[in-house]
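Undergrad: Quick one: the structure is below, questions incoming.
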Amino acid sequence: SPEPEDDGVCFPADATVEMETGEVKRMSELQIGDSIKTMDGVFGEIFMFSHRDPKAQSKFVAISAGGRVLELSPSHYVPMADRSLKAARHVVVGDTVVLSTGQPVAVEGTDIVYKRGLYAPHATGSAGALAVNGLMASEFTTTVHPALAKILLAPLQASYWAGWGNIVGDRLAVSGQSSLRALPVPAGPSSIA
């Protein structure tokens, strides 16, 4: 059954990503066209943000693993080492997540934190996952089933590659709320095998 909706479906402003240049940037510093590390060590260009609200104060799940802490909204999926996805709110100590290097690592702890900013970048060629704070995190949430989200994002990614730039990407993040929430689409389950 679908998960209850959370106010935010993103990462906080101070979450970091690795750039193709080797530089580390905060979510709040990212721009359309930045090349960031995604699944399996591939780098992809940010083609849109489904959320980009620097002022929002939100609840995040903090997942500690391998000396790193991934903070993301409770409804955000986290890739497990077996390639399944689990909503952050359901990740528990002992689950095996993936470092940005591709190495599996056991979850050592989880907590709830409140932080500023809501950012949800989407990158080309990401296979649906981004390296955030040194751990892999899905681009997708339980708000929209990942299979459907990929289909909905495909034309936006194609428009970016066609050179039309970000003609609609920032328009989807009006007032920090994703327009996808307003669509009558099926929500995702708490875990996907």
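Undergrad: Out of region 15-28, which residues are touching a strand residue (DSSP E or B) at 6+ places or on another chain (Cβ under 9 Å) and either open to solvent by less than 70 Å² (accessible area, probe 1.4 Å) or acidic (Asp, Glu) (or both)? Before the answer, list the steps.
TA: Residues of region 15-28 that are touching a strand residue (DSSP E or B) at 6+ places or on another chain (Cβ under 9 Å), as a first pass: 15-21, 24-28.
If the condition is that a residue be touching a strand residue (DSSP E or B) at 6+ places or on another chain (Cβ under 9 Å) and either open to solvent by less than 70 Å² (accessible area, probe 1.4 Å) or acidic (Asp, Glu) (or both), then Ala15, Thr16, Val17, Glu18, Met19, Glu20, Lys25, Met27, Ser28 are the ones that fit.
Undergrad: Kindly indicate which of Ile151, Ile167, Ile112 is closer than 24 Å to Ile32 by Cα, at pLDDT 80 or above and surrounded by fewer than 17 Cβ atoms within 10 Å (Cβ to Cβ).
TA: Numbers: Ile167 fails: at pLDDT 80 or above; Ile112 fails: closer than 24 Å to Ile32 by Cα.
Only one candidate qualifies: Ile151.
Undergrad: Taking the condition at pLDDT 80 or above and touching an Asp or Glu at 6+ places or on another chain (Cβ under 7 Å), does Gly176 pass?
TA: On the way: at pLDDT 80 or above: no; touching an Asp or Glu at 6+ places or on another chain (Cβ under 7 Å): yes.
Considered against the rule, which asks whether it is at pLDDT 80 or above and touching an Asp or Glu at 6+ places or on another chain (Cβ under 7 Å), Gly176 comes out as no.
Undergrad: Looking only at strands (runs of 3 or more DSSP E) that fall completely inside region 22-128, which ones have 1 or more residues that are out of contact with any helix residue (DSSP H, G or I) (no Cβ under 6 Å at 6 or more places or on another chain) and among the charged types (D, E, K, R)?
TA: Values: elements: 24-26, 35-37, 43-65, 68-72, 77-79, 85-87, 96-98, 104-123.
Here the list reads 24-26, 35-37, 43-65, 68-72, 85-87, 104-123.
Undergrad: A further question on this structure: From the list Met48, Met136, which residue is of a type outside the set (Asp, Glu), over 24 Å from Gly163 (Cα atoms) and in contact with a strand residue (DSSP E or B) (Cβ under 7 Å, 6 or more places away or on another chain)?
TA: Numbers: Met48 fails: over 24 Å from Gly163 (Cα atoms).
After applying the criteria, what remains is Met136.
The values are calculated or read from the model by the stated rules, or taken from the named source; none is laboratory data. It should be emphasised that the depicted structure is a prediction, and the values quoted were computed from it without experimental measurement. Please note: Cβ atoms are built from the backbone with ideal geometry, for glycine as well, and neighbour counts cover all protein chains shown. Surface accessibility is based on the protein's heavy atoms, side chains included, excluding ligands, DNA and RNA. Shrake-Rupley method; radii C 1.70, N 1.55, O 1.52, S 1.80 Å.
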